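Inspection log for the structure reproduced underneath, given as structure tokens.
The values are calculated or read from the model by the stated rules, or taken from the named source; none is laboratory data. On a predicted model such as this, the values are computed, not experimentally measured, just so you know. With ideal geometry, Cβ positions are generated from the backbone for all residues, glycine too; neighbour counts draw on all protein chains shown.
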Amino acid sequence: MSTLTTKTALEIYESSRRAIDNIARSRNSTDKQKATAKAARRKLVLDFIQKQRKEIEARTDLFASFIIEMEKLIKSIGKDSPIAALKTLDKTVKEAKTVVEEK
Amino acid sequence: MTRSNKPVFSLSIFLMIFGILFSCTVLPIREFNVYKETFDKVRLAGEEILLDYGSVSTQIYALEQQVAENEKITVEKVNAQRELTFDIAKKAAETVDTDHILVRMRAWAIIALYNEVLTGLAEGKSASEVAGTIDSLMNNLTGFPAAEITDIAADIVPYVGALKALLETAQLEWSRQKFIHVVLEGGPSIQTKFIAFLRDDLQNIYNVRAALNDLSYQQTLDDIAALATDFHKLANKYKNNPEIDKLVKLTDQVNHLLKSTPDYLSGDEETDSELLASLEGEGKEPYSDLAHSQLVQFKNEIMAKLSEAQQLNSALGAYQNTMLNYRKLIDEMARSLRNLETNIIDAKPQAPPAKELQSLYIIMRQSYETFKATRR
């Protein structure tokens, strides 16, 4: 989805840039025309870069959700194992022992 | 539970646990190792690319400053600096500082942890904790301040060795089956989310670097065009004379350099003629050695700028190769994970290895002898 969008964006950027380049370099352009063309090129590049950054930033939330999902999965591992049951039993007996001894 | 049927109860537990062992889960360790090795390679490359992307923020900031300086000041823009209507909640949400690179690094780290957990399950590391836990439990039971509990504990003591061996094996089998479950649960998420996000990120990250490279490249071509214009202006001061062949040759050399520079010419004859040097007009001045050396100087400066342009071109080419290789690594990682999942789904439970069964049989036999002795 976004790969197609960014490819098209690159093509649009390239064709716009060529039109600007011709003005910026032609010996028939005045100094003012050249300066304006160069400024327009910088703006074109910046707009293009900012579009890419926005797409990257939008994707950050997706990465964050993925992290939460994996953390949940990792935390759930081991809860139903024989050793987990044994440790729970051991803890229960130890706590009961303490309660009875205090009485 | 009365004292007389406790040994029967214990034996029935032994047989139940032993029943688990008849189907032993075999894990595709080779495929798992291939996946892990591929992951490590991709992670290394991925983090370098992220850090490189992070390093361009200075260049982008400088570009933003340049663009801002050239922006036309309008009444609307000036007035927009003072906002009376101010949505606090919206602004607070907008101005949250997110480190986009750090989040991605964390995503790599969480999968590395997931792989570590899988390794622990595959190796059955938790099985080694069984003996220690049973010892702790037995200590707590035998030291319990109640006769009913210590009696039960005393009955279990002769079977503790067998219990440890059986529970270790049960834990090992649980680990193996959990490994399968965790791969089949986490694997699809890694494929459809993490790997898909990495692929999408790649094009955007490349585009940022490519655009910055292109800006520098085009600015270098601007300098070349300015030098070509100066060459053109100077060359056209000289009228026809015997030395003109030298001038024509020099002009041809300069044009050859310009024509062989990517992106310099557009392919449109009319536009391109304005970018190349040509000898035209009356040219009244004599063509001297000084004039020739000045023109050669322009040519040399054009060549120096061309060298800069070529370096930028090479840098872009190298970056394209890096991204291509990284994409191939990502695809390899996806393939190795898919291979692991397929092998897990296709794996059928097998009988445990003979060596594992034999040692268990000996322990079971000893426990059974103890059981018979306590029954008497």
Item to complete: Please state which one of B:Leu113, B:Leu27, B:Leu50, B:Leu44 is under 30 Å from A:Leu44 (Cα atoms) and within 31 Å of the chain's Cα centre (by Cα).
Response: B:Leu50
Worksheet item: Take the residues of segment A:62-80 that are part of a helix (DSSP H, G or I) and more than 15 Å from the chain's Cα centre (by Cα): which is farthest from B:Val117 (Cα to Cα)?
Response: A:Glu69
Worksheet item: Going by the structure shown, is B:Thr229 surrounded by 18 or more Cβ atoms within 10 Å (Cβ to Cβ), free of Cβ contacts under 8 Å to residues at least 12 places away in the same chain and of a type outside the set (A, V, I, L, M, F, W, C)?
Response: yes
Practice prompt. Name every residue in segment B:289-313 that is touching a residue at least 40 places away in the same chain (Cβ under 8 Å) and within 14 Å of B:Leu247 (Cα to Cα), in order of residue number.
Written response: B:Ala291, B:His292, B:Gln294, B:Leu295, B:Val296, B:Phe298, B:Lys299
Worksheet item: Applying the selection to segment B:200-253, what residues are within 14 Å of another protein chain (Cβ to nearest Cβ) and over 30 Å from A:Ser15 (Cβ atoms)?
Response: B:Lys233, B:Leu234, B:Ala235, B:Asn236
Worksheet item: Quick one: is B:Asp230 touching a Lys or Arg at 6+ places or on another chain (Cβ under 8 Å) and not small (Gly, Ala, Ser)?
Response: no
Item to complete: List the number of the failed condition for B:Met303; all other conditions in (1) at pLDDT below 95; (2) part of a helix (DSSP H, G or I); (3) buried (at least 16 other Cβ atoms within 10 Å of the Cβ) hold.
Response: (3)
Discussion item. Condition (residue is more than 30 Å from B:Glu47 (Cα to Cα), in a helix (DSSP H, G or I), in contact (Cβ under 8 Å) with a residue 24 or more places away in the chain and more than 7 Å from chain A (Cβ to nearest Cβ)) applied to segment B:140-153: is it met by at least one residue?
Written reply: yes
Fill in: Matching residues in segment A:81-103 - criterion: being in a helix (DSSP H, G or I), at the interface with another protein chain (Cβ under 9 Å from one of its Cβ atoms) and either among the hydrophobic types (A, V, I, L, M, F, W, C) or touching a helix residue (DSSP H, G or I) at 6+ places or on another chain (Cβ under 8 Å) (or both)
A:Pro82, A:Ile83, A:Ala84, A:Leu86, A:Lys87, A:Leu89, A:Asp90, A:Val93, A:Lys94, A:Ala96, A:Lys97, A:Val100
Worksheet item: Quick check: is even one residue across segment B:283-295 within 14 Å of chain A (Cβ to nearest Cβ), under 22 Å from A:Ser26 (Cα atoms) and surrounded by 15 or more Cβ atoms within 10 Å (Cβ to Cβ)?
Response: no
Fill in: Selected residue (only one of B:Ala131, B:Ala62, B:Ala112, B:Ala107 is crowded, with 18+ Cβ neighbours inside 10 Å and assigned to a helix (DSSP H, G or I))
B:Ala107
Discussion item. Any residue at all in segment B:95-104 that's more than 23 Å from the chain's Cα centre (by Cα) and not polar (S, T, N, Q)?
Written reply: yes
Discussion item. I'd like to check something: does segment A:64-80 contain any residue that is facing another protein chain (nearest Cβ under 9 Å), closer than 30 Å to B:Leu212 by Cα and either at pLDDT 85 or above or touching a helix residue (DSSP H, G or I) at 6+ places or on another chain (Cβ under 9 Å) (or both)?
Written reply: yes
Worksheet entry | segment A:32-47, residues that are touching a Lys or Arg at 6+ places or on another chain (Cβ under 9 Å) and either of a type outside the set (Val, Ile, Thr) or more than 7 Å from chain B (Cβ to nearest Cβ) (or both) | A:Lys34, A:Ala37, A:Arg41, A:Leu44
Discussion item. Just to check your reading of the model, which residue among A:Arg27, A:Arg18, A:Arg59 is more than 22 Å from B:Gln59 (Cα to Cα), outside any helix (DSSP H, G or I) and facing another protein chain (nearest Cβ under 7 Å)?
Written reply: A:Arg27
Item to complete: For A:Glu11, state whether it is at the interface with chain B (Cβ under 7 Å from one of its Cβ atoms) and surrounded by fewer than 15 Cβ atoms within 10 Å (Cβ to Cβ).
Response: no
